[in-house]
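Contents: one structure, followed by commentary.
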Amino acid sequence: MTSIVWFRDDLRLADNPALRAALDRAEPVVGLYVLDEESPGIRRLGGAARWWLHHSLASLGERLRERGGTLILRRGPADRVVREVLADASATAIFWNRRYAGPEREIDAGLKASLREESIAVASFAGSLLFEPWTVKTGGGTHFSVFTPFWRACLALPAPRAPLPEPREVPGPAQAIASDALEDWGLLPTRPDWAEGLRENWEPGEPGARARLREFLAEDLDRYDRGRDVPSEEATSRLSPSLRWGEISPFTIWHETVATGRGAKFLSEVGWREFAWHTLFHFPDLATKNLRSDFDAFPWPELDEDHLAAWQRGNTGVPLVDAGMRELWHTGYMHNRVRMIVASYLIKNLLIDWRQGEEWFWDTLVDADSASNPFSWQWVAGSGADAAPYFRIFNPELQAKKFDPDAVYIRRWAAEHAGDEPPEPIVDLYATRNRALEAYEKVKQNR
Ligand code: FAD
């Protein structure tokens with residue numbers, strides 16, 4: 001009687017409730033990962049995310065094998081592939097940790113209902129969010145649209161459960177089950193191989209995530225509140241890709257941070273991740289539609305492809321913007337403050353639709369996820385939940401003076417700006433700011 005554990009955004013052994021449930025049956029366990037690029041509505045992974053996924057799956061597969069288990073890789077629409085693997089393994093049960101994006105929920109709910117009718121045991125668990133989206137409600141029973149009361153309400157709920165220990169053994173099936181070869185999925189870039197900066201900067205997989213959390217709590221947490229806004233300080237955890245892929249669970253992060261007796265600010269940032277996912281749960285079209293419909297009246301001009309390309313490649317002539325965009329291109333990551341500044345510049349100074357920026361980040365960020373990315377873009381645009389008002393336009397020069405006063409970050413990523421002949425800006429910051437405010441008048445009229 002074999003059980004299947006369907007791994008999705010939870011590529012870990014520790015604190016994995018679905019894996020725990022399968023092991024509790026004391027029968028063979030088959031780990032499964034499905035690369036689904038065919039089911040309706042599923043967003044195809046971006047390039048940097050595919051790179052991460054490759055390495056994270058390699059690590060998970062190895063860790064399962066070390067414990068006697070196996071990881072089966074299959075490609076195709078999840079509802080079909082899951083049924084095929086259940087049949088191939090003669091399995092009678094399947095377990096997974098929940099997903100919260102619309103198309104994924106539809107697949108999971110459909111499978112759950114139909115498999116149960118066929119007497120397959122199916123159970124799903126909370127593994128990716130500290131608080132289930134339907135449990136956090138306002139006094140009036142609706143969901144929150146402002147972060148501070150949202151997080152207060154979360155903190156008033158029973159504390160997140162303690163993390164589950166990592167299993168020492170994962171008994172595999174008696175007979176071999178066919179699996180794709182990871183290399184055949186083509187997740188890694190080849191011609192050209194642009195992943196050098198990613199390899200230099202990251203160690204995908206559960207052991208790397210655990211080591212990073214320990215290092216952050218021991219060495220960086222103390223300076224987090226003060227240093228988190230200074231891009232050259234590297235005072236933040238850089239756990240976002242590990243959280244995105246579930247190599248570490250938010251429950252582990254929560255409890256290990258609470259145990260230090262500090263870290264309220266850090267945990268409230270993890271709270272923003274919860275807020276973004278809860279928002280996506282209630283608005284599945286977050287990546288394509290303005291959360292605030294009055295923004296539908298915003299008069300985006302025809303797309304200027306040259307300006308978009310200059311932004312993407314870090315050739316805008318604005319030092320902090322260029323530095324940030326090149327950090328992203330090279331490492332698959334960008335510091336949070338700089339993300340806000342480059343996003344504001346694209347939307348407000350270049351007057352380019354936030355969806356263009358969201359797509360570029362989706363393709364280039366190692367931590368790109370279906371909730372935090374569109375949520376944050378809408379936050380900067382002013383069209384989102386608890387968003388910065390549109391008229392508050394970041395001035396990238398003042399921001400640089402404040403958060404990179406010695407140009408350490410700018411010199412690291414866009415050194416020519418600190419030289420004798422810095423590049424010319426492609427647009428005038430002040431004129432474009434005024435143009436943006438005029439365009440915004442249309443939104444105000446639409447209220
Ligand atoms: P830390 O400061 O150490 O925070 C700890 C964790 O909390 C992070 O790993 C992350 O999971 C979460 N977190 C922190 N800040 C935020 C935030 N503002 N919103 C949501 N979660 C947060 N984050 C993503 O994980 N994926 C994205 O695709 C993404 N896209 C973004 C796009 C834009 C335009 C902006 C402005 C922000 C975006 N963020 C995104 C949020 C934030 O920039 C990153 O989570 C953060 O920089 C990750 O670095 P860290 O792990 O060192 O963060």
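Every number in this text was worked out from the coordinates using simple rules, so none of it is lab data. Computed from a prediction, not measured in an experiment: that's the story for all the values here. Quick reminder, even Gly has a Cβ in these numbers, built from the backbone with ideal geometry, and neighbours come from all protein chains shown.
Per-residue 3J(HN,Hα) values for region 48-54, derived from phi via the Karplus relation 6.51 cos²θ - 1.76 cosθ + 1.60 with θ = phi - 60°, read 5, 5, 5, 4, 4, 4, 3 Hz in sequence order (x marks Gly and Pro).
Where the centre of each part is set by its Cα atoms, how far does region 325-344 sit from region 60-74, in angstrom? Computed from Cα coordinates, the inter-centre distance equals 35 Å. Near the amide H of residue 30, within less than 5 Å, lie the amide hydrogens of 3, 4, 5, all on another chain or at least 5 residues away, with H placed in the peptide plane. Loop-located trypsin sites (Lys or Arg not before Pro) in region 141-211 (DSSP state other than H, G, I, E, B) with a sparse environment of at most 16 neighbouring Cβ atoms within 10 Å: 161, 168.
FRET efficiency for the pair residue 109 and residue 402, taken as 1/(1 + (r/R0)^6) with r the Cβ-Cβ distance and R0 = 51 Å, rounds to 0.60.
Backbone amide hydrogens, once placed in the peptide plane, bring residue 15 within less than 5 Å of 164, 166, excluding anything fewer than 5 places away on its chain. Length gained on full extension, residue 433 to residue 416: 3.6 nm, using 0.36 nm per residue less the C-alpha separation.
Applying both filters, DSSP loop and at most 13 other Cβ atoms within 10 Å, to the trypsin sites (Lys or Arg not before Pro) of region 316-398 gives 392.
The residue 444 and residue 214 beta-carbon pair, evaluated with R₀ = 51 Å, returns a calculated FRET efficiency of approximately 0.55.
Distance from the alpha carbon centroid of region 384-447 to that of region 98-152 works out to 38 angstrom. Remark: region 132-141, residue by residue, has Karplus-estimated 3J(HN,Hα) of 5, x, 7, 9, 9, 9, 6, x, x, x Hz, where x stands for each Gly or Pro and the curve is 6.51 cos²θ - 1.76 cosθ + 1.60 at θ = phi - 60°.
For residue 366, the amide hydrogen comes within under 5 Å of the amide hydrogens of 333, counting only partners 5 or more places away or on other chains and with H modelled in the peptide plane. Ellipsoid semi-axes for region 135-259, based on the Cα gyration tensor and the rule √(5λ), read 32, 24, 18 Å when sorted largest first. With one equal scatterer per alpha carbon and no solvent term, the Debye-computed log10 I(q)/I(0) for the chain at 0.06, 0.08, 0.12 1/Å reads -0.27, -0.48, -1.08. For chymotrypsin sites (Phe, Trp or Tyr not before Pro), no site in region 167-240 is both called loop by DSSP and has at most 12 other Cβ atoms within 10 Å. The angle separating the long axis of helix 354-364 from the principal Cα axis of greatest extent in the chain is about 50 degrees. Pick from 405, 158, 149: which residue has the top mean-square fluctuation in a GNM of the chain where Cα pairs under 10 Å get a spring? The residue that fluctuates most here is 158.
A Förster radius of 30 Å, combined with the Cβ-Cβ distance separating residue 37 from residue 200, puts the computed FRET efficiency at roughly 0.60. Note on region 81-134: the alpha carbon radius of gyration divided by the globular reference 2.2 N^0.38 Å gives 1.20.
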